[in-house]
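This report concerns only the one structure given below.
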Ligand code: NDP
Ligand code: GDP
């Protein structure tokens, strides 16, 4: 029997990669999208005819129940969220509705319709925030530093709670930052690679950034969606940290990205106070030993290779758009 999965957030960076991966594994993929006046399927255009698109919203409990009743998935990957930290400071209540309570709505829908469905929650290293331990593991205490981090922490604990209360197969993947050419342009990696490409082509001459000192453990997004799938194939539901174990500063990111186009980043980058956050996460570095041991998961792309791929993809897209 073909296994069926429901992916919320399928139009996002991870949704597209996960859908591709699951199709390759022989799954039938149902992608949940919210209604918008213009279609935003860029990241799934190439596989759109292979996916069953259904309308639903994490704010709307009935829509989730209806989707599960009609499509009867075996696994649900809850990737939908308001995922950008600065927006969470501007819209903290909405972020809580999507990113925190949305998880409970999905879990309730599963509990009501079919508690045998396996559930993956997209948790985040932002939950570690002001880190209490270096590197961070599944056992590191949490200390979120933004409304986004706080909302994700709620999503994490409610996932654990449904596992313990109702004996459901629910797992929380604590994923560190992961990037790709499909990453939203407002995130720092893509902002930097895109501007490096633009400046190299003579289409821009400055790049405003915020905190250059903050450090992140950046991995390659397609590697991370493999880990999500692996977590749901185990005998027991458990939570896992997914990370590369290497960290780099935003300053180093600039050096690598501009280096790909033979430019000196220091000539173009300046600090814009508007890009600073009310509170930031200074350092993230994950220890994915458990995932390596239990899941057999390994990252396959280095930070430098990933940034090179992103710069090359941005160069190609900009040349095409500007007929260069
Ligand atoms: P994106 O921001 O690219 O995608 C978010 C997705 O959620 C989009 O498809 C968006 O739809 C959808 N969405 C938002 N609100 C709702 C809603 N109310 N109802 C239904 N769908 C909604 O995120 P990523 O792909 O990068 O990340 C996937 C998940 O993993 C997110 O939960 C994120 O917080 C989490 N995460 C990501 C990390 C990363 O480094 N990428 C690290 C750790 C966790 P639309 O297109 O309509 O906006
Ligand atoms: P996050 O870890 O989910 O917040 O991912 P981001 O890519 O948005 O930010 C990573 C880090 O880069 C944070 O510490 C930011 O403060 C820092 N940063 C510095 N300048 C910028 C910027 O211009 N945009 C963004 N998004 N982040 C920036």
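The values are calculated or read from the model by the stated rules, or taken from the named source; none is laboratory data. A quick note: this is a predicted structure, and the numbers were derived from the prediction, not measured. Cβ coordinates were reconstructed from backbone atoms using ideal geometry, including for glycine residues, and neighbour counts include every protein chain displayed.
Among the conditions (1) over 23 Å from residue 212 (Cα atoms); (2) near ligand 1 (Cβ under 10 Å from one of its atoms); (3) assigned to a helix (DSSP H, G or I), the only one that residue 160 does not satisfy is (2).
Annotation note: Cβ proximity below 8 Å between a residue of segment 172-183 that is more than 20 Å from residue 140 (Cα to Cα) and a residue that is assigned to a loop (DSSP other than H, G, I, E, B) and away from ligand 2 (no atom under 11 Å from the Cβ) (sequence gap 6+ or interchain) occurs for 182/43. Looking across segment 21-35, the residues that are at pLDDT 95 or above and either assigned to a helix (DSSP H, G or I) or within 16 Å of ligand 1 (Cβ to nearest atom) (or both) come down to 21, 22, 23, 24, 29, 30, 31, 32, 33, 34. Within segment 81-112, being within 12 Å of ligand 2 (Cβ to nearest atom), outside any loop (DSSP other than H, G, I, E, B) and surrounded by fewer than 18 Cβ atoms within 10 Å (Cβ to Cβ) holds for 86, 87, 89. All conditions in (1) outside any loop (DSSP other than H, G, I, E, B); (2) more than 16 Å from the chain's Cα centre (by Cα); (3) farther than 25 Å from residue 291 by Cα hold for residue 115, with the sole exception of (1). Beta carbons closer than 7 Å, at least 6 apart along the sequence or on distinct chains, never pair a first residue in segment 106-125 that is at positive phi with a second that is part of a loop (DSSP other than H, G, I, E, B). Just so you know, in segment 290-299 the residues that are touching a helix residue (DSSP H, G or I) at 6+ places or on another chain (Cβ under 8 Å) and part of a helix (DSSP H, G or I) include one that is farthest from ligand 2 (Cβ to nearest atom), and it is 295.
Of the listed requirements (1) more than 30 Å from residue 75 (Cβ to Cβ); (2) away from ligand 1 (no atom under 16 Å from the Cβ), residue 238 misses just one: (1).
For residue 160, indicate whether it is in contact (Cβ under 8 Å) with a residue 60 or more places away in the chain, surrounded by fewer than 19 Cβ atoms within 10 Å (Cβ to Cβ), away from ligand 2 (no atom under 13 Å from the Cβ) and farther than 16 Å from residue 9 by Cβ. Yes.
Taken as a whole, segment 13-20 holds no residue that is part of a loop (DSSP other than H, G, I, E, B) and modelled with pLDDT of 95 or more. Residue 139 meets all of the listed conditions (1) touching a residue at least 24 places away in the same chain (Cβ under 8 Å); (2) surrounded by fewer than 23 Cβ atoms within 10 Å (Cβ to Cβ); (3) away from ligand 2 (no atom under 15 Å from the Cβ) but one, namely (1). Picking from residues in segment 172-201 that are under 12 Å from residue 220 (Cα atoms) and assigned to a loop (DSSP other than H, G, I, E, B), the one that is nearest to ligand 1 (Cβ to nearest atom) is 177. Among the residues of segment 179-199, what is the count of those that are more than 10 Å from ligand 2 (Cβ to nearest atom) and surrounded by 21 or more Cβ atoms within 10 Å (Cβ to Cβ)? Result for segment 179-199: 5. For the structure I just gave you, tell me whether residue 58 is assigned by TED's automatic domain parsing to the domain that holds residue 108 and within 19 Å of the chain's Cα centre (by Cα). Yes.
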